1. So which of A:Ala94, A:Ala100, A:Ala108 ends up being away from DNA strand C (no atom under 16 Å from the Cβ) and open to solvent by less than 40 Å² (accessible area, probe 1.4 Å)?
2. Identify, from the list B:Gly179, B:Gly167, the residue that is touching a residue at least 12 places away in the same chain (Cβ under 8 Å), more than 25 Å from A:Asp184 (Cβ to Cβ) and more than 11 Å from chain A (Cβ to nearest Cβ).
3. Based on what the data block shows, is B:Ala220 open to solvent by less than 10 Å² (accessible area, probe 1.4 Å), more than 9 Å from chain A (Cβ to nearest Cβ) and modelled with pLDDT of 95 or more?
4. Looking at B:Ser214, is it within 11 Å of chain A (Cβ to nearest Cβ), at pLDDT 90 or above and surrounded by fewer than 20 Cβ atoms within 10 Å (Cβ to Cβ)?
5. Contact list please: Cβ distance under 6 Å, first residue in segment B:57-83 and within 14 Å of chain A (Cβ to nearest Cβ) and open to solvent by 20 Å² or more (accessible area, probe 1.4 Å), second residue within 8 Å of DNA strand C (Cβ to nearest atom) and assigned to a loop (DSSP other than H, G, I, E, B), pairs at least six apart or on different chains.
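The values are calculated or read from the model by the stated rules, or taken from the named source; none is laboratory data. Note that the structure is predicted; figures quoted are calculated from it, not measured. Ideal geometry is used to build each Cβ from the backbone, glycine not excepted, and the neighbour counts take in all protein chains shown. The accessibility values were calculated without ligands, DNA or RNA, using every heavy atom of the protein model including side chains. Shrake-Rupley method; radii C 1.70, N 1.55, O 1.52, S 1.80 Å.
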Number of protein chains: 2
Amino acid sequence: MMMEKAERTEAGQTGHVARSDDGANPIAPQPDIPETGPAKRRLESRRKLMEAARRLFVERGYHATRPQDISREAGVGHGTFYLHFDDKLDCFLAFGDEAASELDVIIAAHLVSVQTLDDAVLEMLRGIFEYSRKNPGVLAAALTDISVLSTGEEVDRVVPADRWSLGWGRFLAEMQAKGHVAPDVDTTLAGYLIVGAIRQGGAYASLNGLDRDSTIEAMAKLFVRALK
Amino acid sequence: MMMEKAERTEAGQTGHVARSDDGANPIAPQPDIPETGPAKRRLESRRKLMEAARRLFVERGYHATRPQDISREAGVGHGTFYLHFDDKLDCFLAFGDEAASELDVIIAAHLVSVQTLDDAVLEMLRGIFEYSRKNPGVLAAALTDISVLSTGEEVDRVVPADRWSLGWGRFLAEMQAKGHVAPDVDTTLAGYLIVGAIRQGGAYASLNGLDRDSTIEAMAKLFVRALK
DNA sequence: AATCCATTCTGACAATTTGTCAACTAGGGA
DNA sequence: TCCCTAGTTGACAAATTGTCAGAATGGATT
């Protein structure tokens, strides 16, 4: 058992949020996006699978989506699915990684030129809700707790929820260093708490049709108070 | 489709936390715990299944546990499982309900004669962590997000996470009425945020072997600050 | 105590889903 | 043109799920 899990394959290639060629680094020769040869075919199959998987996971949920459905929706053979993913869980995690990367971009954009803790928290929440509006269901799906899906072993794998939690933790630590967060706050723990709160609160808000802006404000107020 | 879902069967009968005959109501003739007849057999099968399911869900997780495993572990026929539960999800939810009831009892005990918000939050967290220590893995499993497990339809069913969130919300509303919680706090939303935070934070704490007491204190401090 | 009968249990079975693999295809390079 | 490697394919074996006709249990009736 515990059979190595092989290569977690060539880092994402998100497609959607692709670096928009902002001229910053004119040297880099598109590191690993082959435009030709068999590798190109492979990448195209993967992209088709990822898009189909995303559509189905969001639309039907993890369980009601079968690998064969994904293959059919992607227009590739059933066996191809297993050439790109170990199994359904691996595919789901890849989907989560993709969403995480997309959200990271949105949030980074929101954080540009923000100074106070109040603004920062507000902007991060706005970023999250904005992404959620543009990509209904994606965040909820991506934040799925891996332990539920796991077929036993593989305790490893950093899931989006952890990634985001640690991100919030680092951010709070910075804010703490600048004196914007009370010194007695355990910033790492707080990062986890906040992500948990956002997940649960976001689900509640969207299920009950709460007003987006007032929810954001209410959440921000609570977070900021807790941290100051 | 949407086939009625039949009777959500005879309310739990938790076994573990059974009402301890506190003499309060000497009349009630043990409402529905038949000590004889075929109904008794049925109840015993159900109890065996519930215990086996709990053991396996906690030990192996939802996915690695198959209905046939539960039946075997319970020592009943494979078909019996389907006489007591619609399917695996239904069984899992019954397990969650059971855990929820047990935790409710523990928390109620912790809240006896508590007056201030600080103490109340602290005691609730202590209750949760105490239960978690006595029943490793049960809470994490019970708090599992249903949307992941769902096979499509059935949006309804109140899951433990919602139940607890609403409970916290009611509790906070009471505290707010007494002036212990700031009047501008949306207590319902706060209830959800807190449960989400506890879930994520608890998982983080147990995974990283954080000290129980200091985690409780750190969490309580953040919650109280947010609410006041 | 023999019989009846409603309730519950059982496990073989059909239907569905998952993951594998030998054969096949595409297309760059000699 | 032919070769050769990387990639694809779908039929197939294995595993799992949910059903149902028949069997068993035990209290009630005669």
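1. Working: A:Ala94 fails: away from DNA strand C (no atom under 16 Å from the Cβ); A:Ala108 fails: open to solvent by less than 40 Å² (accessible area, probe 1.4 Å).
Going through A:Ala94, A:Ala100, A:Ala108 in turn, just one is away from DNA strand C (no atom under 16 Å from the Cβ) and open to solvent by less than 40 Å² (accessible area, probe 1.4 Å): A:Ala100.
2. Details: B:Gly179 fails: touching a residue at least 12 places away in the same chain (Cβ under 8 Å).
Step by step, each of B:Gly179, B:Gly167 is checked, and only B:Gly167 is touching a residue at least 12 places away in the same chain (Cβ under 8 Å), more than 25 Å from A:Asp184 (Cβ to Cβ) and more than 11 Å from chain A (Cβ to nearest Cβ).
3. yes
4. Values: within 11 Å of chain A (Cβ to nearest Cβ): yes; at pLDDT 90 or above: yes; surrounded by fewer than 20 Cβ atoms within 10 Å (Cβ to Cβ): yes.
Criteria met by B:Ser214.
5. If the second residue must be within 8 Å of DNA strand C (Cβ to nearest atom) and assigned to a loop (DSSP other than H, G, I, E, B), the pairs left are B:His63/A:Thr151.
Listed here are the residues, each with its yes/no results for (1) modelled with pLDDT of 95 or more; (2) within 16 Å of DNA strand D (Cβ to nearest atom).
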{"residue": "A:Arg42", "(1), (2)": "no, yes"}
{"residue": "A:Ala52", "(1), (2)": "yes, yes"}
{"residue": "A:Gly61", "(1), (2)": "no, yes"}
{"residue": "A:Lys88", "(1), (2)": "no, yes"}
{"residue": "A:Thr116", "(1), (2)": "no, no"}
